[in-house]
Amino acid sequence: MSERVIPLVDQRIASRPATLPSVPIAATGLLGDQLGRPLRDLRISVTDRCNFRCSYCMPKEVFDKDYPYLPHSALLSFEEITRLARQFVAHGVQKIRLTGGEPLLRKNVEILIEQLAALRTVEGKPLDITLTTNGSLLERKAALLKAAGLQRVTVSLDGLDDTVFRAMNDVDYPVADVLRGIEAAQAAGLGPIKVNMVVKRGTNDHEILPMARHFKGTGIVLRFIEYMDVGATNGWRMDEVMPSADVVKHLHSELPLVQLAPSAPGETAERWGYADAHGQHDVAAGEIGVISSVTQAFCRDCNRARLSTEGKLYLCLFANEGHDLKPLVRANATDEQLASAIAAIWHRRSDRYSELRASLPPDASTGGRRVEMSYIGG
Ligand code: SAM
Ligand code: SF4
Ligand code: SF4
């Protein structure tokens, strides 16, 4: 195997304080960026810590016991998160996803969910609130999360073969415990549940069919994610990416599929339904999704903003700089001022890294420095 160089950079220092525009910008729900993209989806990272060490996200060699995780005082409090979320919602956000790190490690995260669930969209509707988790604490917390107002969960699981999965999470965590978490989520009514599988060629691509067979007909939507070049520590190589087109072809050889229409604008997953004997979608058998972040860019419709654990706003998963909202929040800026600062940042947004990736020399857009996925969430 070839040697990998894993650069050690702390991207969290790269940020600029958010400032107030000279002319205030009121929240109208109609915010647009440089490419006319609205702001609809907010992903909030509630912790930079995790109990797994997935090699594609938090490799052990970097995220060891000496890694400088954020001190508690640097984290936004639940009240600060909710206050910021309210301004994002006023600008048109309809969906909030809690992530991390492992979001269920944040103490009393259900209290935050309760606060977010009380927010209303510009149209006066409840928000779509979801959470992405590795599932390890789901069995214990599913009922509590549901009672707090969480609607659904996405659970990450990279295979059913215990040896493969234990090696990929690199903390020897068993498949059976994640499956129990998924069952608990189902029993609590946290659905429709999605299961995310990151496919690494040569590592877990032989788990594609077993995973599909397992979740077919259960009402759970399995989604295959292309291994992405996020962050600066996972030693990403293009030859380890299995293009979604190959995943679909592989599945189709045993489980015929028909393509389905996207469920919403800006939807990241391409949907495929299991076909019946007549080549029509067999609704009872369900569907799968493929997320082609590497081979098929979907920047044109990207309506997602990411808020880091310490209050920095990132406009793209591949951004090398955040916009620090915490100083404004802690300096007691008014709600109008916070909304104005967020609008000014979104107005300037022109990020479309995945569309440009193919035409860029390696790391050209970021100077080789990128924020880690565990810091801003997926
Ligand atoms: N710890 C939680 C989990 O694993 O579900 C939430 C945070 S994790 C960063 C969010 C999602 O990002 C997970 O589904 C994970 O598999 C995915 N992810 C992390 N690193 C990735 C990479 N390099 N390429 C593609 N997906 C990745
Ligand atoms: Fe942890 Fe999720 Fe990253 Fe795995 S993908 S190391 S579970 S944050
Ligand atoms: Fe959105 Fe950036 Fe991903 Fe493009 S690369 S889809 S702009 S997060």
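The values are calculated or read from the model by the stated rules, or taken from the named source; none is laboratory data. Not measured: the values here are computed from a predicted model. Here the Cβ is made from the backbone with ideal geometry for all residues, glycine too, and neighbour counts use every protein chain on show.
With the requirement that a residue be within 13 Å of K216 (Cβ to Cβ) and either under 23 Å from the mean Cα position of the chain (by Cα) or not in a loop (DSSP other than H, G, I, E, B) (or both), what does region 244-280 give you? Result: L251, E254, L257, W272, G273, Y274, A275. With the structure loaded, tell me whether G289 is in contact (Cβ under 8 Å) with a residue 12 or more places away in the chain, more than 16 Å from ligand 1 (Cβ to nearest atom) and among the small types (G, A, S) or whether it fails that test. Judged against the criteria, G289 is not a match.
Considering region 77-106, and only residues there that are under 14 Å from G311 (Cβ atoms) and of a type in the set (G, A, S), the residue that is surrounded by the fewest Cβ atoms within 10 Å (Cβ to Cβ) turns out to be S77.
If the condition is being of a type in the set (G, A, S) and either in a loop (DSSP other than H, G, I, E, B) or modelled with pLDDT under 85 (or both), then region 337-375 contributes S350, A358, S359, A364, S365, G367, G368, S374. Here D177 meets the list (1) in contact with a Ser or Thr (Cβ under 7 Å, 6 or more places away or on another chain); (2) part of a loop (DSSP other than H, G, I, E, B) almost entirely, failing just condition (2). Considering region 221-235 alone, what residues qualify as being at pLDDT below 90 and within 14 Å of ligand 3 (Cβ to nearest atom)? The answer is D229, V230, G231.
Among the candidates R49, R37, R4, R53, which residue alone is in a loop (DSSP other than H, G, I, E, B), out of contact with any strand residue (DSSP E or B) (no Cβ under 9 Å at 6 or more places or on another chain) and at pLDDT below 95?
Just one listed residue meets the conditions, R4.
The numbered conditions (1) in contact (Cβ under 8 Å) with a residue 24 or more places away in the chain; (2) closer than 30 Å to V164 by Cβ; (3) surrounded by fewer than 21 Cβ atoms within 10 Å (Cβ to Cβ) are all true for A74 except (2).
Before we move on, is T82 free of Cβ contacts under 8 Å to residues at least 40 places away in the same chain, under 13 Å from R43 (Cα atoms) and either in contact with a Pro (Cβ under 8 Å, 6 or more places away or on another chain) or away from ligand 1 (no atom under 16 Å from the Cβ) (or both)? It is true that T82 is free of Cβ contacts under 8 Å to residues at least 40 places away in the same chain, under 13 Å from R43 (Cα atoms) and either in contact with a Pro (Cβ under 8 Å, 6 or more places away or on another chain) or away from ligand 1 (no atom under 16 Å from the Cβ) (or both).
Beta carbons closer than 6 Å, at least 6 apart along the sequence or on distinct chains, never pair a first residue in region 176-205 that is under 14 Å from A143 (Cβ atoms) with a second that is at pLDDT below 95 and part of a helix (DSSP H, G or I).
Checked against the criterion of being in a strand (DSSP E or B) and touching a helix residue (DSSP H, G or I) at 6+ places or on another chain (Cβ under 9 Å), the candidates I208, I288 yield just one match: I288. If only residues of region 307-361 that are away from ligand 3 (no atom under 16 Å from the Cβ) and small (G, A, S) are counted, the one that is surrounded by the fewest Cβ atoms within 10 Å (Cβ to Cβ) is A331. Restricting region 295-323 to residues that are among the hydroxyl-bearing types (S, T, Y) and in a loop (DSSP other than H, G, I, E, B) leaves a set whose member that is nearest to ligand 2 (Cβ to nearest atom) is T309.
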